[in-house]
Amino acid sequence: MTRPAQNLGRTFRLLLVCAIALACRDAFARPHPDHKNHMHPPYQVDRKVSKPEIFSEGTISTLDDEMGSAFSPDGTEFYFSKFVPYTTAPRLALMCVSRFRAGRWSAPEALPFSGKYLDHPPKFDPTGKRMVFASSRPLPDGTRGAIRIWEVERNDLGWGEPRPLPPPINLPRSTWNADPSLTADGTLYFSSDRGNGASLHIYRSHLTNGKYTEPEKLGPEINSEFNDYQPYVSPEEKILVFSSVAAGEPPYRHRPEEMTGGGRPYPRGDLCVSYNDSGKQ
């Protein structure tokens, strides 16, 4: 990304709002494959929104902890995660889907493969038949103890069984590979500690002949000395939205605006956007 990332705010939830807005824009630009006479998908925004609003209050947005956002490419399904509201470990998060029917969003349904682990919300490829997401679920050989990126494909009966992305995306020594986001050509953006046990940073891997290339760490325009993660990349790879958060674990590294007191610092997230205007990342 050739322009420095611009600070857009200090609240995590705004990242979700921006991700929703960008996903909506990309989804609405494509015709619904099952509605040949529709110029736009069945779900579209017909009015200008001047400030963030709670999305589908009472149905999707409730008193529970909801996180993330992903519209299916045809705009008829909305995916998110509902987190179990407790602070003890292990944390659980249920991946849900709501469908747009008769002019409104339906009550969320749990995806058939979710419910036992910490499942973060997914992102889709342009066809809507493949999703990628992060999860604490164990590997097929039973190995546990890490957040990894998984993929799952849709078939005639629904979603199949998730499978972990192989190296060089998920690494045996790495405890965090998450926040996947796909471009139209299959390029994968994600966050990772790459096994160094320190800060999270944003990486990119190209899809070549059906396999992912060795991930490259994005440059200093994007990655800082803090935790940079939760990337959303537009399908054309022109816009990157991500969150940058000061370290909340020892050794502490403070931002000037960080809240501190007698206990641990309260890490605050900055929402950033970067524009690709030369093809150089």
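Can residue 179 be described as surrounded by fewer than 19 Cβ atoms within 10 Å (Cβ to Cβ), charged (D, E, K, R) and within 18 Å of residue 130 (Cα to Cα)?
No; evaluated as a whole, the condition is false for this residue.
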Inset, instruction - Taking residue 108 as the residue in question, decide whether it is at pLDDT below 95, of a type outside the set (Gly, Ala, Ser), touching a Ser or Thr at 6+ places or on another chain (Cβ under 8 Å) and buried (at least 19 other Cβ atoms within 10 Å of the Cβ). - result: no
Inset, instruction - Any chance you could count how many residues in the range 52-74 are closer than 19 Å to residue 152 by Cα and outside any strand (DSSP E or B)? - result: 3
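Name the single residue that is surrounded by the most Cβ atoms within 10 Å (Cβ to Cβ) among those in the range 210-245 being of a type in the set (D, E, K, R) and closer than 22 Å to residue 68 by Cα. First the steps, then the outcome.
Taking the range 210-245 first, the residues of a type in the set (D, E, K, R) are 211, 214, 216-217, 221, 225, 228, 236-238.
From what is left, the residues that are closer than 22 Å to residue 68 by Cα are 228, 236-238.
Values: 228: 23, 236: 11, 237: 17, 238: 14.
Among them, the one singled out is 228.
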Inset, instruction - Consider residue 81 carefully, then state whether it is assigned to a strand (DSSP E or B), more than 23 Å from residue 187 (Cα to Cα) and either in contact (Cβ under 8 Å) with a residue 12 or more places away in the chain or not aromatic (Phe, Trp, Tyr) (or both). - result: yes
Inset, instruction - Report yes if some residue within the range 93-102 is surrounded by fewer than 17 Cβ atoms within 10 Å (Cβ to Cβ) and modelled with pLDDT of 95 or more; otherwise report no. - result: yes
Inset, instruction - Could you tell me whether any residue of the range 195-206 is in contact with a Lys or Arg (Cβ under 8 Å, 6 or more places away or on another chain) and on the phi > 0 side of the Ramachandran plot? - result: yes
Inset, instruction - Determine if the range 186-193 includes at least one residue that is crowded, with 21+ Cβ neighbours inside 10 Å and among the charged types (D, E, K, R). - result: yes
Legend entry - In the range 140-163, the residues that are surrounded by 15 or more Cβ atoms within 10 Å (Cβ to Cβ) and either in a loop (DSSP other than H, G, I, E, B) or not hydrophobic (A, V, I, L, M, F, W, C) (or both): 146, 148, 151, 154, 162
Legend entry - From 165, 92, residue being out of contact with any Cys (no Cβ under 9 Å at 6 or more places or on another chain), farther than 26 Å from residue 60 by Cβ and touching a residue at least 24 places away in the same chain (Cβ under 8 Å): 165
Legend entry - Candidate set: the range 206-228, residues that are free of Cβ contacts under 8 Å to residues at least 12 places away in the same chain and not polar (S, T, N, Q); chosen: the one farthest from residue 184 (Cα to Cα): 220
Inset, instruction - Give the residues of the range 200-209 that are assigned to a loop (DSSP other than H, G, I, E, B) and buried (at least 20 other Cβ atoms within 10 Å of the Cβ), sorted by residue number. - result: 200
Inset, instruction - Take the range 141-160 and flag every residue that is within 20 Å of the chain's Cα centre (by Cα) and of a type in the set (D, E, K, R). - result: 148, 151, 153, 154
Inset, instruction - Please go through the range 179-207 and pick out each residue that is farther than 13 Å from residue 235 by Cα, among the polar types (S, T, N, Q) and at pLDDT 95 or above. - result: 191, 192, 205
Inset, instruction - Check off (1) modelled with pLDDT under 95; (2) of a type in the set (S, T, N, Q); (3) over 19 Å from residue 199 (Cα atoms); (4) crowded, with 16+ Cβ neighbours inside 10 Å for residue 174 and give me the number that stays unchecked. - result: (3)
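The values are calculated or read from the model by the stated rules, or taken from the named source; none is laboratory data. What you see is a predicted model; the values in this text were computed from it and never measured. Because the Cβ atoms are built from the backbone with ideal geometry, glycine has one as well, and the counts that use them run over all protein chains shown.
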